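Note sheet for the following structure.
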Amino acid sequence: MMAYFNKLKTEKMNGRPILFWSYWNNKLMGVQLTVQLMVALITAVLVITTLSLSRAIIRPKENGDKIQLNSLSRCNFFSGKWVFDNQSRPLYNGSNCSFISFLDDGMACQNYGRKDLDYLYWKWQPHDCDLPRFNATAMLEKLRNKRLVYVGDSLNRNQWVSLVCMLESSIHTHLKQVHFNGSLVTLKAIEYNATIDFYWAPLLVESNCDDAWHHRVKDRVLRVDSIEKHARFWEDADVLVFNSYLWWRLDLTVLWGSFESADAKYEQLGMVRTYELGLQTWADWLDTHLNRTKTRVFFVSMSPTHSRGEEWGKAEGENCYNETEPISNAEYWGSESSAGMMRLVEVAIKKLNEKSGVKADLINITQLSEYRKEAHPSIYRKHWDPLTKEQLENPSSYADCTHWCLPGVPDVWNHFLYVYLLYL
């Protein structure tokens, strides 16, 4: 065929064979161009497909924040389980946190000889979602030019020290200050102009137990309708974290009138009723005085104790001493935690949100903390009074089954606070 075309190419008669050859030559060139275009098109399609696939792989990561926000807003992250994780826990080295030993030796369990350290490595895993990773710098940025105040008893101080330790590694040593002013302790992160305070008010309202350093009194009396004495120390805060439960379990006498008045009246109302009145005074103050455009309020639910070992299978009279594992029974609820008093807090929070327009949230730490019978200081703490011979012979008799070792359970409570402030 090609020989035929070559022959036609050499002929000159009428020009027609040359036109004929030009026609086929153009046809062949057209086919070649078409093939080249098809190759180019296929290549382009492959490139676009590859880019699309790579974007499809990246897209969930790019949209992850929105997906995470949606899942967190729907998630009950107080319902879950403890998972052993010695890779990402603990969140900080307790030995390197100056505040543990400086401010409260009752939390520095390792410093006082605790050898079983598995309690450090348990991570709370909600059933419905994953908690965002705690980022100390992000938390400090959130608190820039702000004041966060923890108000309550020694368990709230436990949580305050926990947050300070979680943040300390991100605060330069020469750019932090600690200041004491009676019942108020202040950490100032100078670089961020952020203050993180703890204010001692174990009953929130005024009482004869309000001295942060000398509050061991035999007969405890409170003015259930008076809170202004304390409130003036926290009224300008941007974030308020309250707790109050443990001290209400003790015998309390209600004082109607002032401590100085000769006409004051005293009354025993019972634990639940007295607690309800105290919460009402607290909520009324927030309703009247809180800057709703500035301040966010949190109330941390009751922190459980583990003083009755028979409730999780130990002999009667035993407690958290020598415990090394969490409670595995998901239905466990200790008898020292009052569901009725917890409902009073829930009602008060709901009323603040719906009727008063106060942005208030309940950080429900009770059930998840119920499982952690092994995470208390037990005997591994500073003892303010010399131990007797009888105590030394029976270590469980002086075990602290109320407060928490650090690092430990309160770190999770603060992780919840972090999620609320940065994501919800």
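Summary of values
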{"read-out": "Out of 236, 251, 263, 219, sole residue that is open to solvent by 30 Å² or more (accessible area, probe 1.4 Å), touching a Ser or Thr at 6+ places or on another chain (Cβ under 9 Å) and farther than 25 Å from residue 296 by Cβ", "value": "219"}
{"read-out": "Residue match in region 111-118 (condition: buried (at least 19 other Cβ atoms within 10 Å of the Cβ) and not β-branched (Val, Ile, Thr))", "value": "no"}
{"read-out": "Flag if residue 291 is under 30 Å from residue 116 (Cα atoms) and under 24 Å from the mean Cα position of the chain (by Cα)", "value": "no"}
{"read-out": "Per-region count, region 204-216, residues assigned to a loop (DSSP other than H, G, I, E, B), closer than 23 Å to residue 300 by Cβ and touching a residue at least 24 places away in the same chain (Cβ under 8 Å)", "value": "6"}
{"read-out": "Filter result (open to solvent by 60 Å² or more (accessible area, probe 1.4 Å) and part of a strand (DSSP E or B)) within region 173-187", "value": "177, 179, 180, 181"}
{"read-out": "Residue within region 296-310 that is of a type outside the set (Ser, Thr, Tyr), over 24 Å from residue 368 (Cβ atoms) and assigned to a loop (DSSP other than H, G, I, E, B) present", "value": "no"}
{"read-out": "Only one of 321, 371, 332 that is in contact with a helix residue (DSSP H, G or I) (Cβ under 6 Å, 6 or more places away or on another chain), closer than 23 Å to residue 406 by Cα and of a type in the set (Phe, Trp, Tyr)", "value": "321"}
{"read-out": "Residues located in region 133-143, provided they are open to solvent by 10 Å² or more (accessible area, probe 1.4 Å) and in a loop (DSSP other than H, G, I, E, B)", "value": "133, 134, 135"}
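The values are calculated or read from the model by the stated rules, or taken from the named source; none is laboratory data. All figures in this text were calculated on a predicted structure; none of them were measured in a lab. Here Cβ is always computed from backbone atoms with ideal geometry, including for glycine, and neighbour counts include all displayed protein chains. The area values use the complete protein model at the heavy-atom level, side chains included, leaving out ligands, DNA and RNA. Shrake-Rupley method; radii C 1.70, N 1.55, O 1.52, S 1.80 Å.
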